[in-house]
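The values are calculated or read from the model by the stated rules, or taken from the named source; none is laboratory data. Given the structure is predicted, the values throughout are model-derived calculations rather than measurements. Quick reminder, even Gly has a Cβ in these numbers, built from the backbone with ideal geometry, and neighbours come from all protein chains shown. Ligands, DNA and RNA are excluded from the accessible area calculation, which covers all protein heavy atoms including side chains. Shrake-Rupley method; radii C 1.70, N 1.55, O 1.52, S 1.80 Å.
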Amino acid sequence: MTHSHDVVVVGAGLAGLVATAELLAAGCRVVLLDAENAASLGGQAFWSFGGLFLVDSPEQRRLGIKDSAELALADWLGSADFADDGSDRWGRAWAEGFVDFAAGDLRPWLHAQGVRWFPLVQWAERGGYTAGGHGNTVPRFHVTWGTGPGILEPFVRTLLDARKDGRVDVRFRHRVTSFVTTDGRVTGVRGDVLVDDGVARAVPSSREVARPFELEAAAVVVATGGIGANHGLVRATWPEHAGRLPERMLSGVPDHVDGSGVAAARDAGGAVVHPDRAWHYPEGITNHSPVWSRHGIRILPGPSSLWLDADGNRLPVPLFPGFDSLGALQHLTSRGDDHSWFVLDKTILGSEFALSGSEQNPDLTGKSVPQLLQRVLPGAVGPVETFAHESEEFLWADTPAELARRMNALTGTDRIDAEQLEQTIVDRDRQVESGLGKDLQVVATAMARRYVVDKVIRVAKPHRLLDPAHGPLLAVRLSVLTRKTLGGLHTDLEGRVLRPDGEVLPGLWAVGEASGFGGGGVHGHRALEGTFLGGCLFTGRTTGRALASTLD
């Protein structure tokens, strides 16, 4: 039994670890619970690319990027499109706080704990709309040296040191199923102790129950993440105006990311807002070496590939690769298809394809400079080459007709017309040959090369796809990859969970994706990338400090 003034943190992902670190720094006694075993400490963050949204950073300034908190907030608000009905009051307030954090304390706070960054800042979510619309005006995606594990390292170290010293009680295989309430206040948790299961990180673990448990607490912090592995719930919450999500989808998160923690908090009286807002990706490919069920990997593309729907039509402007992920997804789901295509060539593959995730970037994850230097050499990086040769979803061909046959054979349909595919490629190539062009994707690709990082490592020099010197041709089948929940438990600026009437539900707090990364929806309807790990850091730090101050 815990003491009545202990804090119970439910979930040992990044947000839960940061909140725990802040509570421990303030001298609070913490019990940290997680349904998985010790191998999965750190949760989803371990598998991430380690990208952080930083504003006016030294890395940006060295590259000549002119950024500011004012510009970043304008981009955020243009992307979020917050509602005017009051439901986004707290989400917007958290957004304003996060942008200030990204332009201020975030980098020096992490730097002081030993975190470092790849010096070449990436440009994610370019937008392509008008100045006030969605997208990053400038590159802001800072890849952590060490990727996701590199961000986790100082917080895991803090936890393990505190556990060794007896200052924190960490209990793995403890699955919380409900919250105890007394006179309208959350006063503890109930759940099941699951049988020991020594599976590797993120491998689906046994749900066999050994015994029930119950703990008292002065406060409970929900840090259980989103719903990405619960495909039924993902489909049920997808907005009707955006069509429907397909039956065949991939998972970008392990099986235990099922939304159960948020559901338990709702049953205890917490309000869940904006459940229909989500950030899934349309550029998923099946992992040839899966760890969890339906394991998918996201392609991080440069701007040159042709993006075609299931019938071989180009996606509308500005839905080019890397410009508006959610806009592309909603376009595809409004059609009711379960796949789309990238069409490119070997040169573009080598210059522009990257794969998201720590395990797909061994040079950055392993902090290997010799491996990293290979990125500037011709050809694809190792994991991309592996996918290109081992995945059945990468289709090579010397001619458009042959490529169309292989695309149709993979899907078991005849939806790709060979003559139409060839004409689409020829039309694009003519625009490139002109040296100028009216095709907005060709223009945007040429403009991207004005940024030195894109020119050196991310955007191929414009050329004809049908030029044999750059062949062979390649088509990649893309599937929907479930990932992040943008809505969540409604919280105030201290991280306290609110009831449906807007009043605080005493004793219950929420961080990370469970809180929509703050306020039940810090991103509004769209995100700018690099803001998910950052949201875990910001909500964990802010909420941990606020909660600690109430326990003094």
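Between Rg and the Kirkwood Rh of the chain, both from Cα atoms, what is the Rg to Rh ratio?
My calculation puts Rg/Rh at 0.98.
Using a Förster distance of 41 Å, how high is the FRET efficiency between Gln420 and Val452, based on the Cβ-Cβ distance and rounded to 0.05?
0.65
Could you go through the stretch 304-310 in sequence order and give the Karplus-derived ³J(HN,Hα) for each residue, using 6.51 cos²θ - 1.76 cosθ + 1.60 with θ = phi - 60°, rounded to whole Hz, and x for Gly and Pro?
After applying 6.51 cos²θ - 1.76 cosθ + 1.60, I find 8, 5, 6, 10, 10, 7, 5 Hz.
Per 0.36 nm of contour for each residue apart, how much would the distance between Arg157 and Ser178 grow if the chain were fully extended, relative to their Cα-Cα spacing?
4.6 nm
Would you mind putting 52-62, 110-120 in packing order, based on average other-beta-carbon counts within 10 Å, highest first?
For the peptides 52-62, 110-120, the packing ranking is 52-62, 110-120.
Starting from 0.36 nm per residue, how many nanometres of slack lie between Leu466 and Ala401 once their C-alpha separation is accounted for?
22.2 nm is the gain from fully extending Leu466 to Ala401.
Could you tell me how far the Cα centroid of the stretch 538-552 sits from the Cα centroid of the stretch 450-525, in Å?
25
For the chain, what % of the accessible area comes from carbon and sulfur atoms, probe 1.4 Å?
51
Note down the Stokes-Einstein diffusion coefficient of the stretch 192-231 in µm²/s, whole number, using a Kirkwood radius over alpha carbon pairs, 37 °C, and 0.692 mPa s.
The estimated diffusion coefficient comes to 252 µm²/s.
Helix by helix, which DSSP H runs in the chain go 24 Å or more along their axis at the Cα atoms and have an average Kyte-Doolittle hydropathy of 0.0 or more?
Passing helices, by number: 532-550.
Taking a probe of 1.4 Å, how large is the accessible area per residue of the chain, in Å²?
Solvent-accessible surface per residue comes out at 38 Å².
When the Karplus curve 6.51 cos²θ - 1.76 cosθ + 1.60 is applied with θ = phi - 60°, which whole-Hz ³J(HN,Hα) does each residue of the stretch 338-354 get, with x for Gly and Pro?
Calculated HN-Hα couplings, in order: 9, 7, 9, 9, 9, 10, 7, 9, 4, 5, 5, 4, x, 8, 10, 8, 10 Hz.
Limiting things to C-alpha atoms, what are the Rg and the maximum Cα-Cα separation (Dmax) for the stretch 357-472, in angstroms?
For the stretch 357-472, the Cα radius of gyration and maximum Cα-Cα distance read 17.1, 47 Å.
Using a 7 Å offset from the Cα along the Cα-to-Cβ direction at both Lys66 and Asp427, what is the distance between the two label points in nm, to one decimal?
According to this spin-label approximation, the distance is 3.8 nm.
What percent does the relative contact order of the chain come to when contacts are Cα pairs within less than 8 Å and at least six residues apart?
The value is 23 percent.
Roll a 1.4 Å probe over the protein heavy atoms and report the accessible area of Glu494 in Å², nearest 10.
So the heavy atoms of Glu494 present about 80 Å² to solvent.
Working out 0.36 nm times the residue gap between Ser87 and Ser289, then minus their Cα-Cα distance, what length gain in nm do you get to one decimal?
68.5 nm
At a Cα cut-off below 15 Å, give the aspartates and glutamates reachable from Lys484, other chains included and same-chain residues fewer than 8 away excluded.
Partners found: Asp255, Asp258, Asp276, Glu283, Glu513, Glu529.
Taking the alpha-carbon distance from Lys346 and a cut-off under 30 Å, which lysines remain once sequence neighbours fewer than 8 residues away in the same chain are dropped?
Lys367, Lys438, Lys455, Lys461
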